[in-house]
Structure formats: C-alpha cells, structure tokens
1. Could you check the spin-label model distance between Gln457 and Thr5? Points 7 Å from the Cα along Cα→Cβ, value in nm.
2. Roll a 1.4 Å probe over the protein heavy atoms and report the accessible area of Glu214 in Å², nearest 10.
3. What nm distance separates the two modelled labels at Asp474 and Lys240, each placed 7 Å from Cα along Cα→Cβ?
4. Quick check: residue separation of Ala406 and Lys247 times 0.36 nm, minus the Cα distance between them. What number comes out in nm?
5. Would you mind classifying segment 347-493 by shape? Square roots of the alpha carbon gyration tensor eigenvalues, ordered a ≥ b ≥ c; an a/c under 1.5 is rounded, otherwise it is prolate if a/b is larger than b/c and oblate if not.
6. If R0 is 45 Å, what FRET efficiency do you get for Lys115 and Met510 from their C-beta distance, rounded to 0.05?
7. Per 0.36 nm of contour for each residue apart, how much would the distance between Glu214 and Leu190 grow if the chain were fully extended, relative to their Cα-Cα spacing?
8. I need the shape label for segment 418-526. Rule: rounded when a/c is under 1.5, else prolate if a/b > b/c, else oblate, with a, b, c from the alpha carbon gyration tensor.
Amino acid sequence: MSTLTDEISRRRTFAIISHPDAGKTTLTEKLLLFGGAIHVAGAVKSNKIKKTATSDWMEIEKQRGISVATSVMGFNYGDYKINILDTPGHQDFAEDTYRTLTAVDSVIIVVDVAKGVEQQTRKLMEVCRMRNTPVIIFVNKLDREGRDPFDILDELEAELKINVRPLSWPINGGAKFKGVYNIYEHSLDLFTPNKQRVSERVEIDNLDDPRIDEAVGEADAEKLREDLELIEGVYPEFDKEEYLQGKLAPVFFGSALNTFGVKELLDCFVEIAPTPRPTKAEEREIEPEEEAFTGFVFKIHANMDPNHRSCIAFVKVCSGKFERNANYKHVRSGKMMRFSAPTAFMAQKKSVVDEAYPGDIVGIPDTGNFKIGDTLTSGEDIHFKGLPSFSPEMFKYIENSDPMKAKQLDKGIQQLMDEGVAQLFINQFNGRKIIGTVGQLQFEVIQYRLLHEYGAQCRWEPISLYKACWIESDDPAALEAFKKRKHQFMAVDREGRDVFLADSAYVLQMAQSDFPKIRFHFASEF
C-alpha cells in the first residue's frame with residue numbers, strides 16, 4: 001500500500017515553455033515517447049498523411065501549427081509519475097501560460113540554438129523568478145547550424161538573469177554535429193539522425209579514454225577535452241540546492257526532432273526536479289502532505305470533445321488525496337459537490353480516475369459552476385491566490401451576424417470567457433459588448449471557435465481604446481463623480497466591477513492626476 005508521502009515523492013509536475021518554433025511541442029512528444037505514452041511521434045510523415053502533434057488537438061491549432069491552449073499530459077516513467085503541461089508559445093496566449101505556471105513545481109525552457117533567447121522567453125522567466133520556480137534549459141536544434149555553445153551560455157545568463165551550469169556538452173554543431181558528452185553521467189552519446197530511434201551510447205571511464213577518439217575523431221575529441229576543462233574552470237559545480245531555490249539553471253543540449261539528448265534531460269530531470277511544493281493560500285501555507293484535500297482551478301476548457309458541448313475545469317491537487325464521488329466544498333459558492341467522472345489526460349484522450357495526489361491535474365466536467373481561481377477543499381475555507389487576469393491591450397466590439405443565433409452566441413461567449421481566453425466588458429453608455437485580449441490572434445480564435453463549436457457567427461467592429469483598468473475608491477462620492485464625468489468610457493466586467501476604458505495614454509494619465517482618490521488597477525487581483 002503506497003502512502004500519501006510515497007505518492008507525493010514520485011510526482012514531477014512541470015511546464016515546458018519557449019518562444020514559438022523553438023521546438024517545445026516536439027520535445028513534449030519525445031518525452032511522451034520515452035514514457036511509452038505514445039508509440040510513434042507526430043513528426044512522422046508517411047506518404048501524404050501528416051499526423052498532427054499529439055498535444056495540439058484543437059482544430060485551429062492543427063491548421064496553424066501552433067499550440068493555443070495548454071495541454072495536460074500525464075505518464076509514468078520508471079518509478080515516477082510525470083505531469084507535463086505544454087503551454088502555448090505564441091505571445092497572444094501568454095496569459096494562459098502565466099496561469100499554468102502557478103500550477104507547476106518546475107519548468108523546462110526550450111531555446112533554439114540559432115536564435116538564442118527571445119523576448120517571450122524573457123517574460124516567462126520573470127514569472128518563474130517571481131515564484132522562485134526551478135528551471136532547466138534545453139538548447140534545441142543542434143543538428144542545424146547555430147551559435148557557439150559558450151555564446152549561448154553567456155546569453156542565457158545575461159538575458160534570463162540566472163546562473164547556468166551545462167550538464168551535457170555538444171561535439172560540433174550543424175552538419176558536423178557528432179553527439180553530446182553527458183557531464184552529469186560521464187558518458188558519450190553519438191548522434192545518428194533518426195526521428196524514431198535513440199542514438200547509441202558509448203560508455204567511457206574518463207575523459208582520457210581512447211574510445212572517445214575512436215568515436216568522434218582526434219580533433220573533435222581534443223576540442224571536447226579543452227571545452228570541458230574550460231567549463232570546469234568557469235562554471236561552479238552543479239549544486240542541486242541552488243537549482244531547487246531557482247538560482248541555478250542546468251543546461252542540456254540536443255535535438256528534440258531527432259530524439260537526441262532528450263533521454264539525458266529526462267533522466268536527470270526526474271532525479272533532481274522538485275516534488276510537489278507547498279501552495280500559498282490567503283489564509284496559510286498548505287503542505288502537500290496534509291490529510292485533507294485541497295485544490296484550485298487554474299484553467300477551464302470548453303469543448304474538449306466536439307460531440308459533447310461540455311466544459312472541463314482543470315484542478316491542480318495541492319494537498320491530500322482527491323477521490324471520485326467524495327463530497328468537496330466549492331469555497332466561492334459554499335456548496336458541497338460530488339464528481340462522478342473526474343478525468344486524467346493524455347493529450348485529448350481522457351480516462352476516468354478514482355484518485356489523484358498532490359501534483360496531479362484532474363479534469364472535472366463543468367456546467368458553469370467554476371471560474372478560474374476557484375478552490376475546492378474537504379471543508380476548510382481556503383482561497384488560493386495568484387491567478388491574475390491582466391489588463392487587455394486590444395479591444396473590439398463583438399456583434400451578432402445572425403439574429404437567429406443570439407442564444408448560441410451568448411452561450412459561446414460566456415464559456416470562452418470562463419476559459420480565460422479573453423475578457424468581456426459591457427459598455428455602460430451604449431450597452432454594447434466589448435472583448436479585450438492581449439493579442440490579435442485571439443480574436444480569430446474566438447470567431448473560429450464560436451462558429452465551429454457553437455454554430456454562432458460574430459463580426460468584429462473597431463473601437464479605439466488604449467487600456468482597460470479596474471477602478472475602486474474608499475470614497476463613494478469620488479467614485480460617483482468619476483463615473484459621471486467619464487460615463488461614456490465606463491464599463492463593467494463579468495463580476496460587475498467598474499472598469500474604465502481609457503482611449504489614450506494621455507487620457508489615462510490625466511484621469512489619474514485629476515482623481516487622486518481613485519485607485520487604478522492593471523490586473524484583476526487587487
């Protein structure tokens with residue numbers, strides 16, 4: 001009988017983040033391949049049939065070749081239970097990624113060897129830094145021409161503001177790429193380009209071993225020894241504690257597409273990565289080992305199964321054991337709820353689970369009961385915090401193109417907003433609905449999904465706004481005066497909170513100086 005502590009210690013829950021096109025989804029697939037969760041990688045092109053990546057299952061993702069929604073995948077690897085959250089790399093979906101980072105214990109960042117660190121990666125690293133999340137870096141695409149590995153390491157330190165320590169080292173790169181020396185395990189892996197098969201490993205005793213010269217040639221062997229000597233001289237010894245505190249990032253090199261360097265990453269990861277960590281709630285800190293169950297909703301996804309119009313709330317288990325059919329308290333509403341069909345995920349394949357432990361992600365069928373940030377417990381009133389919505393930067397009026405389908409449109413908008421895809425504001429002056437997003441692509445996704453999942457047609461109309469910000473004041477008279485003066489620019493969000501729609505940076509600045517008693521917020525957590 002495994003105890004709660006045993007189950008917790010074998011869990012590893014992490015997110016993979018990167019800039020678009022750095023190879024994140026490919027890496028996710030290869031990890032699943034090693035876990036035996038899939039048997040053939042999505043990159044295989046057989047004749048003319050192109051299988052789409054396992055973790056990208058929404059129609060629009062297949063068409064665009066980008067990940068739009070965070071996918072959750074669980075699998076066993078040896079004695080470990082691994083939960084991967086694959087996040088959208090596209091910056092228009094950054095908010096989904098920020099929220100996902102609240103549900104993981106560590107992160108793997110994928111960097112393209114040719115492009116180095118890109119802006120999106122920097123932003124996400126800031127979120128990791130705020131939460132002291134441990135980070136491992138995988139430098140990808142070594143079979144293509146790229147930059148010198150030492151330059152990449154310097155850039156990682158400068159751009160991500162974190163100390164790095166290579167745990168594997170490439171032998172040449174691009175067309176001459178011969179393999180990787182595994183510093184962590186002192187072994188040599190030779191590269192043969194093959195998407196399905198793992199390359200061969202040469203066991204060596206030490207760096208002077210003549211087998212290295214035989215395997216890669218004398219010149220490359222000599223360079224490898226020099227590089228490694230330099231690494232030992234420049235970089236501190238790998239210290240697991242520093243890594244767990246988020247101060248040191250181990251770096252691996254490889255090619256995810258060719259399944260190269262991935263197993264090394266995975267083997268080291270399960271050994272050093274943190275088990276589920278305590279979660280901060282407003283009331284107190286919650287330890288995973290506590291007997292009582294607690295968890296929070298970090299994501300809601302509509303229509304995982306196009307045949308059934310259902311939403312699924314993704315719950316991260318924080319403490320205790322989640323059990324099917326047990327009674328749990330939905331803290332915001334105060335109601336007790338039972339879940340007869342909670343699911344675990346393998347991309348879009350779902351299976352009903354009887355129990356789940358801290359670190360696991362459970363999908364709960366949702367008929368409109370949940371919002372992002374909701375807490376479920378065995379009875380205690382706890383509120384988890386840190387799931388902000390950010391102030392949107394792009395706005396459009398949403399209008400119904402088909403008056404016969406008004407109901408479908410409303411339902412679709414409600415469900416997509418519950419998912420946190422975008423934010424809905426109702427203009428108090430003319431009653432029109434305004435959708436706010438952080439990126440242009442979200443408007444296309446909303447329009448596409450309303451049509452294909454709800455049969456509703458919408459059209460967008462331009463509105464020129466600079467920012468939406470939540471306002472509050474301790475002085476009701478001042479608030480009233482502000483709303484009167486700005487009545488054309490006042491809206492409410494779905495919670496009924498006051499939102500000021502500023503049409504330029506200047507207007508916002510003037511409002512802030514003219515109304516000192518009003519507080520302006522740029523994130524919904526205040």
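The values are calculated or read from the model by the stated rules, or taken from the named source; none is laboratory data. In this text, all values refer to a predicted model and were calculated from it rather than measured experimentally. All Cβ positions, even for glycine, are placed from backbone atoms using ideal geometry, and neighbour counts span all protein chains on display. Remember, those area values only see protein heavy atoms, side chains included, never the ligands or the DNA or RNA. Shrake-Rupley method; radii C 1.70, N 1.55, O 1.52, S 1.80 Å.
1. 6.4
2. 150
3. 5.0
4. Numbers: separation 159, 0.36 × 159 = 57.24 nm, distance 5.25 nm.
Gain on stretching Ala406 to Lys247: 52.0 nm.
5. oblate
6. It comes out at approximately 0.65.
7. On the way: separation 24, 0.36 × 24 = 8.64 nm, distance 1.15 nm.
Length gained, Glu214 through Leu190: 7.5 nm.
8. In terms of gyration-tensor shape, prolate.
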